[in-house]
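A.B. asks: My structure is below; once you've seen it, I'll send some questions.
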Amino acid sequence: MKVLGKFPSTRLRRVRNSNWVRRLVSENNLSANDLILPIFIREGKNKTESIKSMPGVFRYTLDKLSIVLDKAEKFNIPMVALFPYTPNKKKDNYGSEALNENNLVNKSIKLIKKKYKKFGIMTDVALDPYTSHGHDGIIVNSKIDNDKTIEILKKQALLQAASGSDVIAPSDMMDGRIGAIRKYLDKNKYYNTKILSYAVKYASNFYGPFRDAVGSKNKLKGDKKTYQMDFRNYDEAIREVGLDIKEGADFVMVKPGMPYLDIISLIKQNFKVPVFSYQVSGEYSMIQKAIQAKHLNKDAIYESLISFKRAGSSAIITYFALDIAEKINNY
Ligand code: PBG
């Protein structure tokens, strides 16, 4: 690329010297349209429970969900993502609770769909909230069994779709699950239920606070490296995304976010599909705790989210969604 201009006739500071001109030349912008709000839900009544490792984020019982949903509606957030906290007594080796058509997630989808018409609902497909060992798949002969897990995941996905979920988001990283889920949804006539594949999901250390939030932290035996991607890898991300698009994914996700901006950009440049990113729990907690300690000012949140737009992301899942949506017009 040829660089044009020469000092002193060219002065780049000229188009930076007031707010109005900076706004005119800004190459990337964030709007409420870019935001997906994750919500933690739990059983019971009348509870908004704080999550120690994620200051400012809460688990809500269904009767309290309107606290966040009313705001999401008012700020025009296009989609919310539901994540269940599951009590130990509902967990087993096979994650059976995933196939309960009246489980917390399916119940919430129905309830939210009845009251709120404006936004889409996205639900996670994976077994980790429900397994006693904390893994996303089932264990057969001490290994996570890919194909047997898929048989469960596709049923989990169908139950969510039947409850009214708009976007099925498999976050389990089993091979071939997007195709199996798409086929199964189509066979049952859910042609319009969308699939957001967590196509590029790394075995990351930044998920710690989330596992605390959904109650799987102390359960997890070992790590997830046999199915989530090795964070040393780059080319492999292209193979993951390519396969998932062929299998029928409507959008693909890169996760985590900030440490993987190179991957977001790689995927956006190689595939002309909507790329979503997930600013995960560990990223949220780092920024939030630094703000609380006054090491960072609050505008660091906006800056972090703009980095996703610059990299080529369409939408961003972020625990800051409500915070930032409220302020967005002031930037
Ligand atoms: C589980 C799942 C995880 C996250 C979303 N879905 C954690 C994991 O894979 O262990 C992490 C999100 C976050 O850290 O905010 N299938």
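The values are calculated or read from the model by the stated rules, or taken from the named source; none is laboratory data. Every value quoted in this text rests on a predicted model; they were computed, and no experiment measured them. FYI the Cβ positions are ideal-geometry reconstructions off the backbone, even for glycines, and counts take in every protein chain you see.
A.B. asks: List, please: which pairs have Cβ atoms under 7 Å, are six or more places apart or on different chains, and start with a residue in the stretch 210-235 that is within 30 Å of GLU43 (Cα to Cα) and acidic (Asp, Glu) and end with one that is in a loop (DSSP other than H, G, I, E, B) and within 13 Å of the ligand (Cβ to nearest atom)?
C.D. replies: Taking only residues 6 or more apart or on different chains, the pairs are ASP212/ILE51; ASP212/SER53; ASP223/ALA203.
A.B. asks: Follow-up. Considering only the stretch 205-234, how many residues are within 16 Å of the ligand (Cβ to nearest atom), in contact with a helix residue (DSSP H, G or I) (Cβ under 9 Å, 6 or more places away or on another chain) and hydroxyl-bearing (Ser, Thr, Tyr)?
C.D. replies: Total satisfying the criteria: 3.
A.B. asks: Look through the stretch 112-146, keep the residues that are in a helix (DSSP H, G or I) and buried (at least 17 other Cβ atoms within 10 Å of the Cβ), and return whichever of them is nearest to the ligand (Cβ to nearest atom).
C.D. replies: Of everything passing the filter in the stretch 112-146, ASN146 is nearest to the ligand (Cβ to nearest atom).
A.B. asks: Here's another thing I want to ask about it. Of everything in the stretch 269-284 that's surrounded by fewer than 24 Cβ atoms within 10 Å (Cβ to Cβ) and touching a residue at least 12 places away in the same chain (Cβ under 8 Å), which residue is nearest to the ligand (Cβ to nearest atom)?
C.D. replies: Here is the first cut: in the stretch 269-284, the ones surrounded by fewer than 24 Cβ atoms within 10 Å (Cβ to Cβ) are 269-274, 282-283.
With touching a residue at least 12 places away in the same chain (Cβ under 8 Å) added as a condition, the list becomes 269-271, 273-274, 282-283.
Values: GLN269: 25, ASN270: 24, PHE271: 22, VAL273: 21, PRO274: 19, GLY282: 6, GLU283: 8 Å.
That would be GLY282.
A.B. asks: Taking ALA237, is it touching a helix residue (DSSP H, G or I) at 6+ places or on another chain (Cβ under 6 Å), more than 16 Å from the ligand (Cβ to nearest atom), part of a helix (DSSP H, G or I) and of a type outside the set (S, T, N, Q)?
C.D. replies: yes
A.B. asks: Sticking with this one: Among the residues of the stretch 190-199, count how many are closer than 15 Å to ASP136 by Cα and either of a type in the set (Lys, Arg) or away from the ligand (no atom under 11 Å from the Cβ) (or both).
C.D. replies: 2
A.B. asks: Further, regarding this structure: Here are LYS154, LYS189: which of them is farther than 14 Å from LEU82 by Cβ and part of a loop (DSSP other than H, G, I, E, B)?
C.D. replies: Selected residue: LYS189, the only one of LYS154, LYS189 that is farther than 14 Å from LEU82 by Cβ and part of a loop (DSSP other than H, G, I, E, B).
A.B. asks: Which of the following residues is in contact with a His (Cβ under 6 Å, 6 or more places away or on another chain) and of a type outside the set (Asp, Glu): LYS289, LYS221?
C.D. replies: Selected residue: LYS221, the only one of LYS289, LYS221 that is in contact with a His (Cβ under 6 Å, 6 or more places away or on another chain) and of a type outside the set (Asp, Glu).
A.B. asks: Determine whether GLU326 is part of a helix (DSSP H, G or I), of a type in the set (Asp, Glu), at pLDDT below 95 and under 21 Å from PHE58 (Cα atoms).
C.D. replies: So GLU326 fits the description; yes.
A.B. asks: For a quick check of your reading of the model, give me the residue pairs whose first member lies in the stretch 83-95 and is under 14 Å from TYR60 (Cα atoms), whose second is among the basic types (Lys, Arg), with beta-carbon atoms closer than 6 Å and at least 6 apart or on different chains.
C.D. replies: Taking only residues 6 or more apart or on different chains, the pairs are TYR85/ARG42; TYR85/ARG59.
A.B. asks: Something else now. Taking the stretch 181-204 on its own, how many of its residues are of a type in the set (A, V, I, L, M, F, W, C), in contact with a helix residue (DSSP H, G or I) (Cβ under 7 Å, 6 or more places away or on another chain) and touching a residue at least 40 places away in the same chain (Cβ under 8 Å)?
C.D. replies: Matching residues across the stretch 181-204 total 4.
A.B. asks: Test LYS272 against the stated conditions and say whether it is outside any helix (DSSP H, G or I) and more than 17 Å from the chain's Cα centre (by Cα).
C.D. replies: Yes.
A.B. asks: Which of the residues that make up the stretch 286-323 are of a type in the set (Gly, Ala, Ser), in a helix (DSSP H, G or I) and touching a strand residue (DSSP E or B) at 6+ places or on another chain (Cβ under 6 Å)?
C.D. replies: Within the stretch 286-323, ALA321 is the sole residue that qualifies.
A.B. asks: Another question, then. Which is at pLDDT below 95 and not hydrophobic (A, V, I, L, M, F, W, C), of SER216, SER285?
C.D. replies: After applying the criteria, what remains is SER216.
A.B. asks: Only one of these is among the basic types (Lys, Arg) and either under 28 Å from ASN88 (Cα atoms) or within 14 Å of the ligand (Cβ to nearest atom) (or both): LYS187, LYS255. Name it.
C.D. replies: Unique residue meeting the criteria: LYS255.
A.B. asks: Of the conditions (1) in contact with a strand residue (DSSP E or B) (Cβ under 8 Å, 6 or more places away or on another chain); (2) closer than 17 Å to GLY242 by Cβ, GLY179 clears all except one; give me its number.
C.D. replies: Of (1) in contact with a strand residue (DSSP E or B) (Cβ under 8 Å, 6 or more places away or on another chain); (2) closer than 17 Å to GLY242 by Cβ, only one is false for GLY179: (1).
A.B. asks: Also, I was wondering about something else. Checking GLY215 against (1) within 26 Å of VAL80 (Cβ to Cβ); (2) out of contact with any Pro (no Cβ under 8 Å at 6 or more places or on another chain), which test does it fail?
C.D. replies: Here GLY215 clears every test but (2).
A.B. asks: For the stretch 83-98, which positions are crowded, with 17+ Cβ neighbours inside 10 Å and not polar (S, T, N, Q)?
C.D. replies: PHE83, PRO84, TYR85, LYS90, LYS91, TYR94, GLY95, GLU97, ALA98
A.B. asks: Are any of the residues in the stretch 100-108 within 17 Å of the chain's Cα centre (by Cα) and surrounded by 20 or more Cβ atoms within 10 Å (Cβ to Cβ)?
C.D. replies: Start the filter on the stretch 100-108 by keeping residues that are within 17 Å of the chain's Cα centre (by Cα), which leaves 105.
Those still in the list that are surrounded by 20 or more Cβ atoms within 10 Å (Cβ to Cβ) too: 105.
Within the stretch 100-108 (the criterion being within 17 Å of the chain's Cα centre (by Cα) and surrounded by 20 or more Cβ atoms within 10 Å (Cβ to Cβ)), the answer is yes, since at least one residue qualifies.
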